[in-house]
Amino acid sequence: MAEKRQYSRSLQRRLVITILVASSALTTLFTAISFYLDYREEMNSLASTLESIEHSSVNNIAQSLYDFNSEAVQTQIKGITGIRDIMKVLVFGEDGKVYAQAKAEPHKNEVVSFVGLEKVFEENRTIKIFPLMNPKEPTEQIGSLSVEASQRNMLVRLSNKAIYFFFTQGMKTLIVSLIIIWIFRFLVTQHLWKIVKHLGIYDFQAETMGDPLSLKRSAPPRPDELDALVDTVNTLSQRLHFYNAAMKEQFSIKEQEVRDQRAIANNVVKLATLGEMAGGIAHEINNPLHIIKGYNDILVDQLGQGIMDREVLHRASLVIEKNTNRIARIVSSLLMFSRKGDQETFGLINMPKLIDQVVSITQPLAENHGIRYEVDLDDLNDARAVECNEVQIAQVLINIINNAIDAIVEHERRDPWIRVVGRADGDGVAIEVIDCGPGIPDEVAAKMFEPFFTTKEVGKGTGLGLSMSLGIVEQHHGRLYLDKARPHTSFVVELPYQHEAERKAS
């Protein structure tokens with residue numbers, strides 16, 4: 001089963017982050033474009049300023065220089081430094097020496113950045129030199145005017161403008177994002193969580209349908225996506241209930257078919273097992289019948305002669321009783337085994353008694369093949385009764401013992417033997433059936449519990465004995481396995497004292 005994940009309301013956070021990232025990217029792009037356009041405008045403005053100085057001041061300064069009116073020259077260039085971004089103005093004479101100079105006052109032209117960017121920008125300056133011509137002789141140059149303009153203040157102004165624009169756009173984006181989140185939560189996410197909770201607690205396996213999903217919200221003029229989702233969930237729930245009901249009915253039918261097939265297979269295995277044992281059981285019953293008939297003939301002869309020997313009569317009655325009990329025990333075991341085990345309920349069964357009955361059924365077949373039978377149940381004498389289906393467990397043990405007999409006969413073992421050993425521990429009992437064989441090859445052991453797998457010749461085995469035995473033991477919450485650690489072939493049946501249903505109830 002898939003691990004249950006922990007959910008959080010991260011959709012709103014992702015929506016906010018997405019809006020902020022997208023808005024920040026767009027704002028940055030627009031700010032960069034605006035910064036570039038403003039820079040171009042500022043550079044054009046500086047060019048216009050220098051052009052204006054050329055038209056308005058150069059001729060006047062040339063006239064004052066021609067008249068050697070240094071005071072007028074100083075006043076005029078001082079006025080030029082008052083223009084924005086003009087940092088320094090120099091007037092050179094005809095000989096190239098500085099005739100007059102003026103610098104802008106720092107506190108007038110200095111621009112301070114919001115975040116101290118004025119320290120980042122380099123002091124890039126634009127210098128424009130205008131020739132000063134003789135007013136009387138326009139072709140004669142009497143000096144030159146040098147105007148120096150700074151680009152740092154311009155860049156600081158542009159950065160301040162960009163920062164202000166970016167900050168205002170960011171605040172606007174944040175406020176809009178919060179409003180969108182609130183609207184999104186009001187219109188969408190709270191309803192999505194209600195749908196999730198409804199599906200989380202809705203019991204699709206219940207026989208009756210639960211309350212349909214509904215969202216408490218103002219009905220829109222036309223059904224929207226949430227209404228479509230609600231209708232889909234309710235339709236899906238309805239279909240799942242119909243499908244569950246149909247599947248339960250089909251499962252019940254199939255389960256009954258499986259029970260019927262299992263009962264048929266069980267009877268097939270029983271009939272095959274009884275067929276295998278029929279010769280030995282007939283011989284086992286026939287011997288005591290001959291003994292009974294022999295003593296009966298002796299008694300009839302004595303009665304015919306009018307002689308009745310008390311000692312002969314007593315011995316005959318004991319032999320007849322012993323052999324009658326022997327026949328009755330075999331018949332009782334056969335009757336127990338022939339009952340329909342699937343219809344028997346679980347009960348507390350004395351395991352040594354059950355094993356004795358199994359031995360009574362299987363021992364004649366073993367002895368007919370000269371197989372020595374050994375039974376060791378001493379460890380089970382004080383064991384608790386086991387809660388099990390008596391007929392089914394007997395069938396399991398008979399199948400295992402008959403397989404051991406067939407294997408011994410097929411391989412013609414010398415001095416053959418079968419040993420049945422019972423053990424008890426704290427949780428249950430174990431019955432081990434050991435034969436004189438050296439074990440089962442791995443390739444056969446890997447398949448021997450599969451249905452219809454058999455190593456016997458055609459017509460001598462159904463291939464269902466071990467697979468059905470495994471199923472029966474597992475229904476009892478026990479284990480049936482081949483003990484590979486033993487030097488001989490050993491099958492072990494482990495059964496708990498209590499059935500699983502009773503353990504849970506207690």
For the range 27-76, what is the accessible area per residue in Å², given a 1.4 Å probe and the full set of protein chains?
63 Å²
Under the Karplus relation 6.51 cos²θ - 1.76 cosθ + 1.60, θ = phi - 60°, what is the ordered set of whole-Hz ³J(HN,Hα) values for the range 315-325, x standing for Gly and Pro?
5, 5, 5, 5, 5, 4, 5, 4, 6, 5, 4
Non-local residues with an amide H under 5 Å from the amide H of Met133, with H modelled 1.01 Å from N and Pro and chain starts lacking one, are Ile142
With every protein chain kept in the model, how would you rank Thr75, Thr173 by accessible area, 1.4 Å probe, largest at the top?
Thr75, Thr173
How much length is gained if the chain between Ser45 and Ala72 is pulled fully straight, taking 0.36 nm per residue apart and subtracting their Cα-Cα distance, in nm to one decimal?
7.0 nm
Go through Lys322/Lys353; Lys197/Lys254; Lys194/Lys248 and tell me which ones have a Cα-Cα distance over 27 Å in this structure.
Lys197/Lys254; Lys194/Lys248
In nanometres, the difference between 0.36 nm per residue of separation and the alpha-carbon distance of Arg217 and Leu187 is 9.9 nm
For Glu374, project a label point 7 Å along Cα to C-beta. Then give me every residue of the range 436-451 with its amide nitrogen under 11 Å of that point.
436
Theoretical FRET efficiency, 1/(1+(r/R0)^6), r = Cβ-Cβ of Thr18 and Arg384, R0 56 Å, to 0.05
0.20
For Tyr164, tell me the accessible area in Å² from a 1.4 Å probe, rounded to the nearest 10.
140 Å²
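The values are calculated or read from the model by the stated rules, or taken from the named source; none is laboratory data. The shown structure was predicted, so the numbers you read here are calculated from the model rather than taken from an experiment. Cβ: placed from backbone, ideal geometry, glycine included. Neighbour counts: every protein chain shown. What goes into the accessible areas is simple: the full protein's heavy atoms, side chains included, and nothing from ligands, DNA or RNA. Shrake-Rupley method; radii C 1.70, N 1.55, O 1.52, S 1.80 Å.
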